[in-house]
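The values are calculated or read from the model by the stated rules, or taken from the named source; none is laboratory data. Since the structure is predicted, the reported quantities are computational estimates derived from the model, not experimental observations. Here the Cβ positions follow ideal geometry from the backbone for every residue, glycine too, while neighbour counts run over all protein chains shown. Note: accessible area is taken over every heavy atom of the protein model, side chains too, but ligands, DNA and RNA are not part of it. Shrake-Rupley method; radii C 1.70, N 1.55, O 1.52, S 1.80 Å.
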Amino acid sequence: MSNTAFDPAEVARRIDEGNEDLFVLDVRNEDDYEEWRIEDSTNLPIYDELLEHDYSTLEDNLEDLPADREIAIVCVAGITSARAADFLRERGFDAKSVDDGMNGWGRVHRASEIEDVDGVVQIIRPGTGCLSYLVHDGNAAVVVDPSQYVDYYLSEADERDLEIVGVADTHAHADHVSGARRLAGELDVPYYLHGDDAGELDRLTEFEDGDTVLVGGRSLEVVHTPGHTPGSVSFTFGDALLSGDTLFLRSVGRPDLEESATQGGATSRAGDPRDGDEDAIRAASSQLFESLDRLTEFGDDRVVLPGHFSDESIRPLATGLGELREEATNELLGYVEEGDEEAFVETIVESLADEPANYNEIKQINWGKRQPGDDVEELELGPNNCAAN
């Protein structure tokens, strides 16, 4: 990386560490910024001006920029931000462009050990809100919910002298392209997925409720938790509960993303094409309620490791089930604890947000219906919208 550009991973590291010497300036248009942005960044919407080499608005706002902090400037792909950084350096600011802009930010992965759980590494994608895991015992490891950037997982395993012996998805993802099949194929190890989410996939090992996936001398235990998708599962591993897209720290998985099952003639193995139908969404919400009710039967010391996060600042993203109950920050989980299925379902139906970007295309890829194209990285860029509220 040049001395005039920041590696996006370096920006992520410094934000996670609470580094106050870094000021992130986003020069994209306001609508793009409001939809998807780096945490705690500041927006100065001059993207169109910078395309025309017009620096007048930037010059008018020089007094609002910190002269005593490093300035990391981000745009879409690192072109206009580089122009802005050059302009600011010429005026005495310590400014650098974020390499490849928000495109690069979307590819960042950061690993964190889970201190309260033995044998679990959490891999965070701050640009997409996605979480994946490297679960290990002895020298053996299983990767759970890997992204399409499989080299990252190979590198993390190598650093820890681990051999990846299996790869698993908690469900057929709608927000990001799974790297599980590719990683399992490259290593010639099993790819695990529940049959109800298998679509047209082959060369996979289907598991069911109560099955186990061996990891060294220990096991990942499969808990079928349908609702977000028909084949959604959670895993227990010692004191850990890898809850996939069933339970998040502040919300739960949304139950309305199965309409992609009908696109291009594909249907899910479970025959659950919801197609945006409210009755079907209500039925899936009730199913999700039952799944969550089952998860709450675990003890308070069980550590919840979700598949997504929003703006939570804790790192790693891990909270005891008892703490989730006490903090009452997860409204939908509260309804489950109270046994109020009606309020749970109504809240979900009334509060569903926009679907994840390109989720139909992504689901088709993850079901084996469509092969990834040249746009596979761009498909998953943008905000994560897998939570119910």
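Protection proxy ranking for 18-24, 196-202, using the average of other Cβ atoms within 10 Å per residue and placing the highest first: 196-202, 18-24. Here the Debye sum runs over all C-alpha atoms of the chain as equal scatterers in vacuum, and log10 of I(q)/I(0) at q = 0.11, 0.12 Å⁻¹ comes out as -0.80, -0.93.
Length available on full extension from residue 188 to residue 115: 0.36 nm per residue minus the Cα-Cα distance, which gives 23.2 nm.
When a 1.4 Å probe is rolled over the protein heavy atoms, the share of accessible surface on region 5-105 that falls to carbon and sulfur comes to 39 percent.
Given R₀ = 35 Å, what would the calculated FRET efficiency be for residue 139 paired with residue 70, taking r from the Cβ atoms and rounding to 0.05? Mind dumping the intermediate values first?
Details: r = 41 Å, r/R0 = 1.16.
Efficiency computed from Cβ-Cβ geometry: 0.30.
Remark: the residue 89-residue 62 segment gains 8.6 nm on full extension, using 0.36 nm per residue and subtracting the alpha carbon distance. Diffusion coefficient (Stokes-Einstein, Kirkwood radius over C-alpha pairs, 4 °C, 1.567 mPa s) for region 5-105: 98 µm²/s, rounded to a whole number. Between 256, 48, 145, the residue with the greatest mean-square fluctuation in the GNM of the chain (Cα pairs under 10 Å linked by springs) is 48. Of 53, 136, 171, the residue with the greatest mean-square motion in the GNM of the chain, using alpha carbon springs below 10 Å, is 53. The HN-Hα couplings worked out from phi for region 110-123 by the Karplus form 6.51 cos²θ - 1.76 cosθ + 1.60 (θ = phi - 60°) are 10, 9, 9, 6, 8, 4, 7, 9, 7, x, 9, 10, 9, 10 Hz, whole numbers, x standing for Gly and Pro. Using the Cβ-Cβ distance between residue 282 and residue 374 with R0 = 35 Å, the FRET efficiency computed as 1/(1 + (r/R0)^6) comes to roughly 0.35.
Solvent exposure of region 109-388 amounts to 39 Å² per residue of accessible area, where only protein heavy atoms count and the probe is 1.4 Å. Taking every DSSP helix (H) stretch of at least 4 residues in the chain, weighting each as -39,500 (n - 2.57) and dividing the sum by the residue count yields a mean residue ellipticity at 222 nm of -8000 deg cm²/dmol.
What separates the Cα centres of region 1-69 and region 119-135 is a distance of 26 Å. Residues whose amide H lies under 5 Å from that of residue 252, counting only those 5 or more places away or on a different chain, are 388, 389; hydrogens are built 1.01 Å from N in the peptide plane. Using Cα-only point scatterers and the Debye equation, what is log10 of I(q)/I(0) for region 68-142 at each q in 0.17, 0.21, 0.26 Å⁻¹, rounded to two decimals? After summing over all Cα pairs, the log10 values are -0.71, -0.85, -1.06. Taken about its Cα centre, the chain carries a charge dipole of about 1100 debye when Lys and Arg each add +1 at the Cβ and Asp and Glu each add -1 at the Cβ. As a length-normalised measure over Cα pairs under 8 Å and 6 or more apart, the relative contact order of region 53-189 settles at 14 percent.
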